[in-house]
Amino acid sequence: MMADLITNVKRALEKARLDTSDYDLNPDIVLPEGRTLRPAGVLVAIAEAKTGPQVYLTKRSSALKHHPGQIAFPGGKQDKGDADVTAAALREAWEEIGLEPDNVDVMGTLPSHETVTSFTVTPVVARVHAAFNPIPEPGEVEEVFTVPLSHLLRPENFTVESRRWRGRSRLYYTVPFGPYYIWGATARILRSLADAARAT
């Protein structure tokens, strides 16, 4: 199973070409011209388990000012000391969940994703070599958990929902798993991967 799913992911990385955004389902929203987007990287870390390949996700601390309690990939903005967004994703994964950079094999990247918070996020897909004990970063990460890759590669597991945002209804993707409500940019990125994998 691991080999088949990883093969699908590799093919998806080759086929995925279209950038995505938090506005994909809301084409009527007019974005300001000349807006400045800050580069960021997130790590889509895939690890083997007895039940099949798993993807690491985090639940953000409820004490955070931005996106408290939301489900996210480990990652963050590119700092001056980062060589590129891949380096940023690896550094943030080390800081947020204790995943050492030399314990992963980067497979490639998905097209960038623009967020409503003015970031252009590059999803970096990687395989985890050896088992590790996740260590949530105090103050930022409330929980580290995994979701089966097989669940995330099925487009039928995704739904479109809506909520009020800045005075208007906004549509967004979700891909729930157990007690975890995965939505927004994280779900959109995963949907992009699922669509590309399905097309292989």
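Within the span defined as region 91-101, every residue fails to be of a type in the set (Val, Ile, Thr), open to solvent by less than 50 Å² (accessible area, probe 1.4 Å) and either touching a Lys or Arg at 6+ places or on another chain (Cβ under 6 Å) or in contact (Cβ under 8 Å) with a residue 60 or more places away in the chain (or both). Looking at region 102-119, can you tell me whether even one residue there is modelled with pLDDT of 95 or more, over 15 Å from the mean Cα position of the chain (by Cα) and part of a loop (DSSP other than H, G, I, E, B)? No, there is no match, as no residue in region 102-119 is modelled with pLDDT of 95 or more, over 15 Å from the mean Cα position of the chain (by Cα) and part of a loop (DSSP other than H, G, I, E, B).
Summed over region 102-120, residues that are within 16 Å of Ile46 (Cβ to Cβ) and open to solvent by 30 Å² or more (accessible area, probe 1.4 Å) total 4. On inspection, Pro123 passes the criterion of being open to solvent by less than 50 Å² (accessible area, probe 1.4 Å) and under 19 Å from Gln70 (Cβ atoms).
Please determine, by comparing only the residues of region 1-39 that are over 17 Å from the mean Cα position of the chain (by Cα) and closer than 20 Å to Thr186 by Cβ, which one is least open to solvent (accessible area, probe 1.4 Å). So, considering only residues that are over 17 Å from the mean Cα position of the chain (by Cα) and closer than 20 Å to Thr186 by Cβ, the one least open to solvent (accessible area, probe 1.4 Å) is Asn26.
Looking across region 169-194 at every residue that is out of contact with any Ser or Thr (no Cβ under 9 Å at 6 or more places or on another chain) and without any contact (Cβ under 8 Å) to a residue 12 or more places away in the chain, the one that is farthest from Ile46 (Cα to Cα) is identified as Pro179.
The single residue among Pro27, Pro32, Pro39 that is touching a residue at least 40 places away in the same chain (Cβ under 8 Å) and not hydrophobic (A, V, I, L, M, F, W, C) turns out to be Pro39.
The values are calculated or read from the model by the stated rules, or taken from the named source; none is laboratory data. Just so you know, these numbers come straight off a predicted model, no measurement behind them. All Cβ positions, even for glycine, are placed from backbone atoms using ideal geometry, and neighbour counts span all protein chains on display. In case anyone asks, the SASA skips ligands and DNA or RNA and just uses the protein heavy atoms, side chains included. Shrake-Rupley method; radii C 1.70, N 1.55, O 1.52, S 1.80 Å.
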